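Here is the structure we will look at, set down as structure tokens.
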Amino acid sequence: MSELLIHSMAEFGELIVQLLELAGAQSLVEIGAEHGGMTALLGDYCARRGGNLVAIDPAPAPGFGAWAATQPHIRHVAAPSLEVIGDLAGIDAWLIDGDHNYYTVFEELGLADAVCQRDERPLLAVLHDVGWPWSRRDLYYAPERIPAEFRQPYSYEVGVLLDSPDAQVNRGFRGMGQFACALHAGGPRNGVLTAIEDFCRIAEAGSRRLLYAHIPAVFGLGVLFDAEAPWANAVAEAVMPFHDNALLARLEANRLRNYLTVLDWQDGYAGRG
Ligand SMILES: C[S@@+](CC[C@H](N)C(=O)[O-])C[C@H]1O[C@@H](n2cnc3c(N)ncnc32)[C@H](O)[C@@H]1O
């Protein structure tokens, strides 16, 4: 992806580190490391606090595994998240930025929450890509890992446009072979935000009290946490100024529209209406 468009969770680095400090988090999990931009920030945090980080990514960028092996506070697990979360213990915070689809995120939250409940720790999950384009549309890094009944019709050849729920062949924001997009946005069991909402609905039906903050910038950041956690008020106060912030939302919409316009120029659509 072009540097024209900032896209890493690391853009939220100051806020995420503040949340980890407020929660006194020591044992961290990052799902989806890619180039390790956020991983490095979390590694620094762990070095300062004597903490540790498990970075789960089956296919990070070249060099990430070798780099991680040199970091005393980081353990890279090269496997899909759903295969390994259940083996973890004593986790204080989860950063979720792996496969951005309903099935994976819903299951990640369920497994992470089960680990926390078993270990009697409150849930703190920070999730990326809760905004456009993956809020209501699945992306698949490995469609074959998604059970057929949860998988939306998809293609590696399509991209997404701001004003249309239907993906289009070789146009718009797309994976260039790295990931596939669901052909249509919306409807049940589609997208990261839909997964979070369904997880919260089910948890709250079981009389859990969860809080969720939605930060509409850089593809969207969600902060989901136990309302009963001893640090819940402090975390809520820290995220409140960003939650559903109208100015951030306008800036995000504007930068996405500018970027999609650049893509249309590159693809030869500009001026065609
Ligand atoms: C958007 S990138 C992560 C970016 C990184 N968190 C950052 O902010 O700089 C998504 C990463 O998730 C990884 N991934 C895909 N499916 C995964 C899964 N099931 N479990 C863990 N990681 C996965 C991909 O290999 C890719 O490196």
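Calculate, in nm to one decimal, what Ala142 and Cys200 gain on full extension: separation in residues at 0.36 nm each, minus their alpha carbon distance.
On the way: separation 58, 0.36 × 58 = 20.88 nm, distance 2.57 nm.
Taking 0.36 nm per residue and subtracting the Cα distance, the gain is 18.3 nm.
DSSP loop GluC sites (Glu not before Pro) in segment 202-273 with at most 13 other Cβ atoms within 10 Å of their Cβ, which ones? Provide the component values of the computation, followed by the final result.
Numbers: sites: Glu204, Glu228, Glu237, Glu252; in loops: Glu228.
Sites meeting the loop and neighbour criteria: Glu228.
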### Task
For segment 1-95, count the residues as N, evaluate 2.2 N^0.38 Å, and divide the Cα radius of gyration by that value, please.
1.04
## Note on the structure
In degrees rounded to 10, the 0-90 angle between helix 37-49 Cα long axis and the longest Cα principal axis of the chain is 10 degrees
### Query
Between Arg118 and Tyr156, what length in nm is gained on full extension when 0.36 nm per residue of separation is reduced by their alpha carbon distance?
9.8 nm
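In segment 1-87, what GluC sites (Glu not before Pro) fall in a loop by DSSP, with at most 13 other Cβ atoms inside 10 Å?
Details: sites: Glu3, Glu11, Glu14, Glu21, Glu30, Glu34, Glu83; in loops: Glu3, Glu34.
Listed in order of number, the matching sites are Glu3.
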### Task
Just subtract the alpha-carbon distance of Ala270 and Ala61 from 0.36 nm times their residue separation and send over the number in nm, one decimal.
72.0 nm
### Query
Taking the Cα-to-Cβ direction at Gln178 and at Asn233 and moving 7 Å from each Cα, how far apart do the two end points lie in nm?
4.3 nm
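Give the relative contact order (percent, whole number) for segment 84-199; include only Cα pairs under 8 Å separated by 6+ residues.
Numbers: 222 pairs, mean separation 35.9, N = 116.
Averaging sequence separation for qualifying contacts and normalising by length gives 31 percent for segment 84-199.
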### Summary
With label points set 7 Å from each Cα along the Cα-to-Cβ direction at Ala253 and Arg189, the distance between them in nm comes to 3.2 nm
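Can you tell me what the convex hull of the Cα atoms of segment 153-241 projects to on average, as an area in nm²?
Numbers: hull surface 30.1 nm².
The number I arrive at for segment 153-241 is 7.5 nm².
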### Query
Given the C-alpha centroids of segment 118-148 and segment 11-49, what is the distance between them in whole angstrom?
18 Å
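Taking a ≥ b ≥ c as the square roots of the Cα gyration tensor eigenvalues, with a/c under 1.5 meaning rounded and otherwise prolate when a/b beats b/c, else oblate, which class fits segment 71-228? Mind showing how you got there, number by number?
Numbers: a/c = 1.94, a/b = 1.55, b/c = 1.25.
In terms of gyration-tensor shape, prolate.
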## Note on the structure
Longest principal axis of the chain (C-alpha) makes with the long axis of helix 192-205 (C-alpha) an angle, in degrees to the nearest 10, of 40 degrees
### Message
What whole-number volume per residue, in cubic angstrom, does the convex hull of the C-alpha atoms of the chain give?
### Response
128 Å³
### Query
Using Cα atoms only, what is the angle between the long axis of helix 102-118 and the major principal axis of the chain, expressed in degrees (0 to 90) to the nearest 10?
0 degrees
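Which of His76, His7 comes first, and how do the rest follow, when ranked by fewest Cβ neighbours within 10 Å?
Numbers: His76 22, His7 17.
Ranked by crowding around the Cβ, least crowded first: His7, His76.
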### Summary
Relative contact order of the chain (C-alpha contacts under 8 Å, at least 6 apart) in percent is 16 percent
### Message
Please check: in the Gaussian network model of the chain (C-alpha springs, under 10 Å), which one of Leu124, Leu256, Leu193 has the largest mean-square fluctuation.
### Response
Leu256
#### Entry: Most mobile listed residue (Ala25, Ala61, Ala93) in the chain, GNM with C-alpha springs under 10 Å
Ala61
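Quick note: the coordinates plus some simple rules give every number you see, no bench work behind them. Just so you know, these numbers come straight off a predicted model, no measurement behind them. Glycine also receives a Cβ, built like all others from the backbone with ideal geometry; neighbour counts cover every protein chain displayed.
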